[in-house]
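Engineer: Input: one structure, supplied below.
The values are calculated or read from the model by the stated rules, or taken from the named source; none is laboratory data. The structure presented is a predicted model; accordingly, all values stated were derived computationally and were not measured. Please note: Cβ atoms are built from the backbone with ideal geometry, for glycine as well, and neighbour counts cover all protein chains shown. Just so you know, the surface numbers come from the protein's heavy atoms only, side chains and all, with ligands and any DNA or RNA stripped out. Shrake-Rupley method; radii C 1.70, N 1.55, O 1.52, S 1.80 Å.
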Amino acid sequence: MQALAPDEPEVAPRLAGLVRKELVRPEAATFAGEDAYRFRHILIRDAAYDAVPKANRAELHERFAAWLDERGELVEQDEIVGYHLEQAHRYRAELGPLDGTGLALACAAAGRLLPSGRAAQARGDVHAAASLLGRTLDLLPEDDASRLELMVELATVLLETEEFARAGSLLDRALAEGDERIRVRARVVQILLSTFTQSGSEFSGDLLELGALVQILERLDDREGLADAWGHVARLRFYAGHCRAAEEAYECATEHARVLGDRRRERDLLEWWITAKRFGSTSAAELLAFLEGVRVEYPHDLRLALTTEQMSAVPAAMQHRFDEARALIADPAHAKNFGISYVGAGYQEGASVELLAGDFSAAAGLARTGWDLYAELGVTGFRATMGSLLAQALEGAGEDEEAESILGDVGSLAQRDDIDAQVRLRSVRARLAAKKDELGEAEQWAREAVAIADDTDYLELGGDAHLVLGDVLRAASCAGAEAEWHAALDLYERKGNLVGASQVQERLG
């Protein structure tokens, strides 16, 4: 207080008087050698603050920021100092046109909030990162050369907080006003955004464009841009069912991140690398061992801890460890506490666990929550996958009419080469047709599912498709059922899906 009011000789007696009046109370000091006080109620604090004229508030915030910098002992020093400089600038702006001091405060605040935002992103708190980077952008003057690059950086974070419209607006501006490097980076992120919000397109075209953008980034020697571009290539390859190729791209992206010493990018890439292993040719046992290695390498990363828990659930369920699998999923909504977006992934994994356990009603409940969540967010790609999973659970539970209705929506949402949604859609349609004794149609749907799945390395999904085709052929008393079941058994065994393998062995007798 003395530092904030250097001309006031009676600070200590005045504070003692406030204590006697029970307006403030002594508090444990943050800084050694200092006394600390706290208002007894937030309403008292707000009333005292509101009584201070804005010009004085601006000056006090600025002085307090300077005092904190002299101390330099806080863990979140940049964020706290940046906040007070931001407040000093805001009150000056409310009082009239900014002078040189006001503009300097804005730049100083931005200079402290920007590293705080990046630090939040590095620790996986994307909601804090979005807030801090957004406030930084608001503080920078329009003619600041770093604004457009920051727009692309912020848009990337906003994809993870599901603020797609805002991300799109930032990317549009960066594309319109940026230099070649900024435009390429913005387009890379824009392509990824389109996979969330557009339906009916194909990943193949996006992959071709990303390949061309990678060549430009190589010419510009932009390693950060290359790490992101290769990461997006990997994700689209994964969506298209080519997990081995996705892992190769993740390895390339990770190498660029390692050269930069960028642990945040490494971590973000690792999350999706894990997902490619979960759905691809990595066996359940190998995946669980890989995830344990991730826990050892990143012992304090809460975001990765949640990812490894969720991605461990289905492999555990494949080994008949259903209670353990359910415990690993817990409540998917608690992902928000870790700054994790894509909480739908928890509902997807939870529904998959229940399908393996044979509890179709529980699977439908989880998948429906994810389905509704993605509708609220305006996400089409993940919603199509969740919808196909919901339809599978509904069919298993005997809710065939609703399953048919959901499949109609999935058909309009799913991109044509979104493998998981397209295969599951056809497999469920096959089962529904078989129930109605429309066995010719059922066989057609089942064969289409197998043809799509066999062109991928989604082992579990391929096993499911061959299992359905075998069931349809047996129902139609056609040859080939056992061959399809043996194909399913081979895929399940390679994936380590003991539950699926046992279901096939029961059919084979």
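Engineer: Can you give the helix-only mean residue ellipticity at 222 nm for the chain, where every DSSP H stretch with n ≥ 4 adds -39500 (n - 2.57) and the sum goes over all residues, rounded to the nearest 500 deg cm²/dmol?
Structural biologist: On the way: 25 runs with 385 residues, N = 509.
Taken over the chain, the calculation gives -25000 deg cm²/dmol.
Engineer: Still on this structure, I have one more. Starting from the Cα of residue 435, draw a straight line to each of the aspartates and glutamates and keep only those under 15 Å, dropping any in the same chain fewer than 8 residues away.
Structural biologist: Straight-line reach from residue 435, under 15 Å: 395, 399, 400, 401, 402, 404, 443, 471.
Engineer: Given +1 on the Cβ of Lys and Arg, -1 on the Cβ of Asp and Glu, and no further charges, what dipole in debye does region 214-366 carry about its Cα centre, rounded to the nearest 20?
Structural biologist: Numbers: 17 positive and 24 negative charges, 25 e Å.
For this selection, approximately 120 debye.
Engineer: While we're on this one: Under a Cβ-only charge scheme (Lys and Arg +1, Asp and Glu -1), can you give me the dipole magnitude of region 375-429 about the Cα centre, in debye to the nearest 20?
Structural biologist: On the way: 5 positive and 11 negative charges, 57 e Å.
So the dipole magnitude of region 375-429 works out to roughly 280 debye.
Engineer: Please say if the chain is rounded, prolate or oblate, where rounded means a/c under 1.5 for a ≥ b ≥ c the square roots of the C-alpha gyration tensor eigenvalues, and otherwise the choice is prolate for a/b larger than b/c and oblate otherwise? The partial results should precede the final answer.
Structural biologist: Working: a/c = 2.67, a/b = 2.07, b/c = 1.29.
In terms of gyration-tensor shape, prolate.
Engineer: Another question, if that's okay. Quote the charge dipole size of the chain about the Cα centre in Debye, to the nearest 20; the model charges only the Cβ of Lys and Arg (+1) and of Asp and Glu (-1).
Structural biologist: Details: 55 positive and 89 negative charges, 186 e Å.
Here the chain has a charge dipole of around 900 debye.
Engineer: How far is helix 164-177 tilted, in degrees, relative to the longest principal axis of the Cα atoms in the chain, given as a value from 0 to 90 rounded to the nearest 10?
Structural biologist: Approximately 70 degrees, to the nearest 10.
Engineer: While we're here: Taking the chain as the reference, fit the longest principal axis to its C-alpha atoms, fit the long axis of helix 284-297 to the helix C-alpha atoms, and give the angle between the two in degrees, 0 to 90, nearest 10.
Structural biologist: 10
Engineer: So, one more: On a straight-distance basis, which aspartates and glutamates could pair with residue 495 in a cross-link, Cα separation under 15 angstrom, same-chain partners fewer than 8 positions away excluded?
Structural biologist: Filter leaves 286, 454, 457, 460, 464.
Engineer: Taking residue 54 as the anchor, which aspartates and glutamates have their alpha carbon closer than 12 Å to its alpha carbon, excluding any fewer than eight residues away along the same chain?
Structural biologist: 94
Engineer: With a 1.4 Å probe and all protein chains kept in place, how much accessible area does residue 493 have, in Å² rounded to the nearest 10?
Structural biologist: 110
Engineer: When a/c is below 1.5 the answer is rounded, else prolate if a/b is larger than b/c, else oblate, so apply that to region 220-301 with a ≥ b ≥ c taken from the square roots of the Cα gyration tensor eigenvalues. Each step should come with its number before you reach the end.
Structural biologist: On the way: a/c = 2.74, a/b = 1.23, b/c = 2.23.
The shape class here is oblate.
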